[in-house]
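Student: Take a look at this one; I'll ask things after.
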Amino acid sequence: VRSELIDGRKRGIFSTSNEVVVGDVIYQKHKTIPGFAELKNLRVDDRVEGRKFAEFMLRQAEFDMCGFDAFVVDARANQKRVIDFLNSQGYSPVVQTRLYDGSPDLVLVKPLGVSLEEASNRVLDYLS
């Protein structure tokens, strides 16, 4: 990830509190779906949970990628807290599938410049 951040293939936002990194979000232009951005990682230290660091970083990433049609993200289907958070930020579930190792994953999308229906259909086309 470090080399991809350095050469600009991925972007990152880091949050600090008292000079300690307490959160980060990594995102990039989607490699396959034209006009889409992809949220790769979003982490917040337990010590600052509830202080809106995740919401702030996610909004900054979305603002940074304005002009894109949508943001897409996947999460393990059993990660209820993560999925609930993403839903609260405007991400809608598109499909549950097995993306990596056989465990079920949920793919979610947040339209930025197209309708939810169009964004969902483009994700489904990509996955088929």
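The values are calculated or read from the model by the stated rules, or taken from the named source; none is laboratory data. Here the structure is a predicted model, which means the values were calculated and not measured. For neighbour counting, all protein chains shown are included, and Cβ atoms are generated from backbone atoms with ideal geometry for every residue, glycine included. Only protein heavy atoms, including side chains, enter the accessible area calculation; ligands, DNA and RNA are left aside. Shrake-Rupley method; radii C 1.70, N 1.55, O 1.52, S 1.80 Å.
Student: Could you report the chain's accessible area per residue, 1.4 Å probe, as an integer in Å²?
Tutor: Value for the chain: 60 Å² per residue.
Student: Report relative contact order for the chain in percent, whole number only (criteria: Cα-Cα under 8 Å, sequence separation at least 6).
Tutor: 18
Student: Evaluate E = 1/(1 + (r/R0)^6) for Ala77 and Ile6, where r is the Cβ-Cβ distance and R0 equals 41 Å; express this FRET efficiency to the nearest 0.05.
Tutor: Step by step, r from the Cβ atoms, then E = 0.80.
Student: Now, a different point. Count neighbours as other Cβ atoms within 10 Å of each site's Cβ, and list the GluC sites (Glu not before Pro) in segment 41-128 that are DSSP loop with at most 13 such neighbours.
Tutor: Glu49
Student: Right, here's the next one. Pull up the DSSP beta bridges for segment 1-125 and report the antiparallel fraction as a percent, rounded to 5.
Tutor: Percentage antiparallel, nearest 5: 85.
Student: Let me ask something else. Using +1 at the Cβ of each Lys and Arg and -1 at the Cβ of each Asp and Glu in the chain, identify which of Val94, Val107, Ala119 lies farthest towards the dipole's positive end.
Tutor: Val107
Student: How many percent of the accessible area of the chain is carbon or sulfur, using a 1.4 Å probe?
Tutor: Ligands and nucleic acids excluded, carbon and sulfur give 48 percent.
Student: Another question about this same structure. For Leu112, list long-range residues whose amide hydrogen, built 1.01 Å from N in the peptide plane, is under 5 Å from its own amide hydrogen.
Tutor: Here the answer is Ala70, Phe71, since their amide H atoms fall under 5 Å of that of Leu112.
Student: Rounded if a/c is under 1.5, else prolate if a/b is larger than b/c, else oblate: which is segment 5-53, with a ≥ b ≥ c the root eigenvalues of its Cα gyration tensor?
Tutor: Note, shape of segment 5-53 comes out prolate.
Student: Rounded, prolate or oblate for segment 26-128? Axes are the square roots of the Cα gyration tensor eigenvalues, ordered a ≥ b ≥ c, and the cut-off for rounded is a/c under 1.5.
Tutor: Oblate, since a/c reaches 1.5 and b/c is not below a/b.
Student: Starting from the Cα of Phe56, move 7 Å in the Cα-to-Cβ direction to define the label point; list residues of segment 14-45 whose amide nitrogen is under 14 Å from there.
Tutor: Output list for this probe position: 14-25, 44-45.
Student: Let me ask something else. What's the longest uninterrupted piece of the chain once you rule out the trypsin sites (Lys or Arg not before Pro) that are loop residues per DSSP with at most 10 other Cβ within 10 Å?
Tutor: Free of exposed loop sites, the longest segment is 32-97.
Student: Turning to a different aspect of this structure: Under 17 Å from the Cα of Lys29, which lysines turn up, not counting those fewer than eight places away in the same chain?
Tutor: In chain and number order, the partners are Lys10, Lys40, Lys110.
Student: For the chain, find the longest principal axis of its Cα atoms and tell me its angle to the long axis of helix 116-127, 0 to 90°, nearest 10.
Tutor: 80
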